[in-house]
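See below for the structure under consideration.
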Amino acid sequence: MSFVETQSHGDIVEIRLSRAPVNALDPQLCNATREALESAVSHGAHGIVLSGGPKVFSAGLDVPYLLSLGERKDQLLLAWQAFFGLARTLASSPVPVVAAIGGHAPAGGCVLALCCDYRIMASGPFRIGLNETEVGLVAPEGIQRLMRRVVGTYRAERLLVAGELVDAETALGIGLVDELVEIEHVATRGKVWLEHLLSLPRSAMLHTRALARADLVDALRPEHIELDRFIEAWYGVDTQTALKSLVAKLRK
């Protein structure tokens, strides 16, 4: 079964996460999405729309799967490497990528959106943010840089420390997303935004974009993620308790 759907619209390719029910990011989904992005670019796409499911763009990392790995640190490391590999592919994409956020985008879903050029979110009762502290995790420095880059240093501090998920209207007000539209128009509006960008002189636009996004690419360098340290912290007592409590809530 494919967890990623691809549809071409001329020079623009829509890549849709389609792992029911909430696009939880396990290694298979992360790797499939990364491969779809790379394939779209290699086949000549000039712009990409990254979309998700209705009501949930992506619920973030697949915590039940990660917990099922137990003490198999090598497998846990591979799972996180797959996620950060996808994030780096988005950040370093040679063509612009729009996040079409048709619903909730907590944690890893928010990270993917932050790696895109532009974020269009569905209006309504949907929430987005980095809520790692709620489950006993510390967002790596590189991920914190992504949030600071978009909403500013102090606002990012408040959101990150509290692990706060904000609603769509608040996200627009603080610059976490760029536009709100009706849920059925999110992907279409992404294509329209890209069409305008792609109407500019291509070489100048792409070169300017690469310069402007250099800090984004740098934020995801391994030394700013410290994945080994993150994996060790994953097994902390408080973190494991919080994660298991989250999974118990999800199963109700």
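Couple of notes before you dig in:
- Residues of segment 127-146 classified as assigned to a helix (DSSP H, G or I), open to solvent by 20 Å² or more (accessible area, probe 1.4 Å) and modelled with pLDDT of 95 or more, total: 3
- Subset tally (residues that are farther than 19 Å from D215 by Cβ and not in a helix (DSSP H, G or I)) for segment 147-187: 10
- E35 falls short on exactly one of the conditions (1) open to solvent by less than 10 Å² (accessible area, probe 1.4 Å); (2) part of a helix (DSSP H, G or I), and that condition is (1).
- The set of residues in segment 196-237 being under 30 Å from L67 (Cα atoms), of a type in the set (G, A, S) and within 19 Å of the chain's Cα centre (by Cα) consists of A219 alone.
- Filter pass, R149 being open to solvent by less than 30 Å² (accessible area, probe 1.4 Å), at negative phi and among the basic types (K, R): no
- Yes/no for G124 being open to solvent by 20 Å² or more (accessible area, probe 1.4 Å), touching a residue at least 12 places away in the same chain (Cβ under 8 Å), touching an Asp or Glu at 6+ places or on another chain (Cβ under 9 Å) and not aromatic (F, W, Y): yes
- Condition check for G175: modelled with pLDDT of 95 or more, on the phi > 0 side of the Ramachandran plot and either open to solvent by less than 80 Å² (accessible area, probe 1.4 Å) or of a type in the set (S, T, N, Q) (or both): yes
- Just one of the listed residues (S18, S42, S68, S8) is over 30 Å from M205 (Cα atoms), small (G, A, S), over 13 Å from the mean Cα position of the chain (by Cα) and open to solvent by 50 Å² or more (accessible area, probe 1.4 Å), namely S68.
- Of all residues in segment 70-107, those being of a type in the set (K, R) and part of a helix (DSSP H, G or I) number 2.
- Residue check, R19 more than 13 Å from L90 (Cβ to Cβ) and either assigned to a loop (DSSP other than H, G, I, E, B) or touching a residue at least 12 places away in the same chain (Cβ under 8 Å) (or both): yes
- Flag if R213 is out of contact with any Phe, Trp or Tyr (no Cβ under 8 Å at 6 or more places or on another chain) and more than 27 Å from T153 (Cβ to Cβ): no
The values are calculated or read from the model by the stated rules, or taken from the named source; none is laboratory data. Computed from a prediction, not measured in an experiment: that's the story for all the values here. Heads up, the Cβs are rebuilt from the backbone with ideal geometry, glycines too, and the neighbour counts pull from every protein chain shown. Accessible surface is based on the protein model in full, side chains and every heavy atom, while ligands, DNA and RNA are left aside. Shrake-Rupley method; radii C 1.70, N 1.55, O 1.52, S 1.80 Å.
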